[in-house]
1. When segment 82-117 is examined, which residues are found to be of a type in the set (Val, Ile, Thr) and away from the ligand (no atom under 13 Å from the Cβ)?
2. In the list Pro57, Pro66, which residue meets the criterion of being of a type outside the set (D, E, K, R) and touching a Phe, Trp or Tyr at 6+ places or on another chain (Cβ under 6 Å)?
3. Please specify each residue of segment 148-174 satisfying the condition of being closer than 21 Å to Gly290 by Cα and within 12 Å of the ligand (Cβ to nearest atom).
4. In segment 126-146, how many residues are within 13 Å of the ligand (Cβ to nearest atom) and either farther than 12 Å from Cys381 by Cα or in a helix (DSSP H, G or I) (or both)?
5. I need a count of the residues in segment 168-180 that are touching a residue at least 24 places away in the same chain (Cβ under 8 Å) and open to solvent by 30 Å² or more (accessible area, probe 1.4 Å).
6. Does any residue of segment 44-51 turn out to be in contact with a Phe, Trp or Tyr (Cβ under 7 Å, 6 or more places away or on another chain) and more than 11 Å from the ligand (Cβ to nearest atom)?
7. Taking the condition of being touching a residue at least 40 places away in the same chain (Cβ under 8 Å) and surrounded by fewer than 22 Cβ atoms within 10 Å (Cβ to Cβ), how many residues in segment 54-71 meet it?
8. Just to check your reading of the model, which residue among Val268, Val288, Val253, Val261 is more than 29 Å from Glu201 (Cβ to Cβ), hydrophobic (A, V, I, L, M, F, W, C) and over 20 Å from the mean Cα position of the chain (by Cα)?
Amino acid sequence: MGERDVGFVSLSKTSGETKARGPELGIGLLGCAFMGKAHTNAYKKIPYIFWPPPATPRLVTICGIPEEAVVEAASRYGYEKSTTDWTELVADEDVQLFDNVGPNSLHAEPCIAAAKAGKHVLSEKPLARNADEARRMWKAVEEAGVKHMCGFNYRFVAAIRLAKEMIEAGEVGEVYHFRANYLQEWIMDPQFPWVWRLDKETSGSGALGDLGAHIIDLSRFLVGDPASVSAVTATFIKERPDATGNGTRRVDVDDAFGAVVQFENGAVGSYEASRFCGGRKNHMTFEVNGSKASIAFDLERLNELQISAVRNGRGEGFRTLSVTESDHPFYEVWWPHGHVLGWEHAHIHELHHMLDAIANDKEIAPYGATFEDGYKCAVICDAILASAEQGSKAVIRY
Ligand SMILES: NC(=O)c1ccc[n+]([C@@H]2O[C@H](COP(=O)([O-])OP(=O)(O)OC[C@H]3O[C@@H](n4cnc5c(N)ncnc54)[C@H](O)[C@@H]3O)[C@@H](O)[C@H]2O)c1
């Protein structure tokens, strides 16, 4: 193995660049909680991890409610300004990239307004509460001619990108199956209070849009577009205590769903997502079975792929590949092999991809998800809900 392959040695090399060459890009972030922290963390790390960076993010304005939360976030993360009013953020002339990490009901109007104001737009997933809303967003960014990306960050996990490259290179052969689960446990306690993720008006759907959207996007990324779905949904706990301690509030979204899916290319598979799986903290797994190999992935072991080659019609048994070599996706900027990456890194890779697309006029697709991908995912989510409600198979029309 040559010197270039081993981070223990190659990390001591210099690039000859002593200045960040790319432009400064003003960031306006809508949302200052979970994803606000994850995205800000990425913006702060990109300029020195990717050297020289394609652009240097300037943390201009952060927006959130209540005021004390956003003031604290601005100070903690180093944003120049804070506001509780997203229209101010969208109008801010110092902002070139509008990054929407607000609740799902706050994706469409701010993203459309930002695109109309000529800003590049990134929106967290699910792109919108339903396909009609997502389509309006997609059309608005296309019309404005700005770069647009939907925050399907798992496309940027090194092992998942490698799985994509292996499938594209024909190493898996003809794909017969894709099956995926996204399982969590955090609302199993009936006394866990009502939150926005349990409200259809704010979130659009429950486990489906929150977790299912990720595995649906991965199925499209890895295998292709679904043609039909047959689904069931369930809401196990229909009333929850209000967070203020006064009374209860109705849960009107799915706590779990399952769907059988047929892909346009003939592959068949399944999706399942739930927040009622005791012992499963953030258990996102998928398996692809093809004529030449099977590939399996588990987010809680995200630096690994399980691969079983198929020879003479027989699987050789799964072996574990450590996806940490310097020639594996994204690893050239990180650590020596075996010095593993975590959940946060996919966000860093994702936002780097967005900055690179803006600064160097590159395409977001096919490795990043565009608003068109966000729209197609919303069409599939709508079809899953329709199938469950009608008790019949739903044919998907994009
Ligand atoms: N890609 C991922 O891995 C991932 C993970 C979690 C959440 N998400 C998505 O990110 C988005 C945000 O989720 P989260 O977990 O960060 O939610 P959160 O509840 O932690 O944060 C939501 C933020 O929105 C702000 N907000 C709410 N209403 C507002 C208003 N009217 N005006 C201004 N700000 C307002 C809140 O102040 C808060 O900072 C959702 O769309 C969610 O689906 C993606």
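1. Step one: list which residues in segment 82-117 are of a type in the set (Val, Ile, Thr), which gives 83-84, 87, 90, 95, 101, 112.
Result: Val95, Ile112.
2. Values: Pro66 fails: touching a Phe, Trp or Tyr at 6+ places or on another chain (Cβ under 6 Å).
One residue alone meets the criteria, Pro57.
3. Within segment 148-174, Arg155 is the sole residue that qualifies.
4. Adding up the residues that qualify gives 3.
5. Residues of segment 168-180 that are touching a residue at least 24 places away in the same chain (Cβ under 8 Å), as a first pass: 170-180.
So of that shortlist, the ones also open to solvent by 30 Å² or more (accessible area, probe 1.4 Å) come out as 171, 174, 176-177, 179.
Final tally of qualifying residues: 5.
6. Residues of segment 44-51 that are in contact with a Phe, Trp or Tyr (Cβ under 7 Å, 6 or more places away or on another chain), as a first pass: none.
Scanning segment 44-51 turns up no residue that is in contact with a Phe, Trp or Tyr (Cβ under 7 Å, 6 or more places away or on another chain) and more than 11 Å from the ligand (Cβ to nearest atom).
7. Kept after step one, since they are touching a residue at least 40 places away in the same chain (Cβ under 8 Å), are these residues of segment 54-71: 54-55, 57.
Checking which are surrounded by fewer than 22 Cβ atoms within 10 Å (Cβ to Cβ) leaves us with none.
So the answer is 0.
8. Exactly one residue qualifies, and that residue is Val268.
The values are calculated or read from the model by the stated rules, or taken from the named source; none is laboratory data. What you are looking at is a predicted structure, and each value in this text was computed from that prediction instead of being measured. Note: ideal-geometry Cβ built from the backbone for every residue, glycine included; neighbour counts use all protein chains shown. Each accessible area value is taken on the protein alone, full model and side chains, heavy atoms only, with ligands, DNA and RNA left out. Shrake-Rupley method; radii C 1.70, N 1.55, O 1.52, S 1.80 Å.
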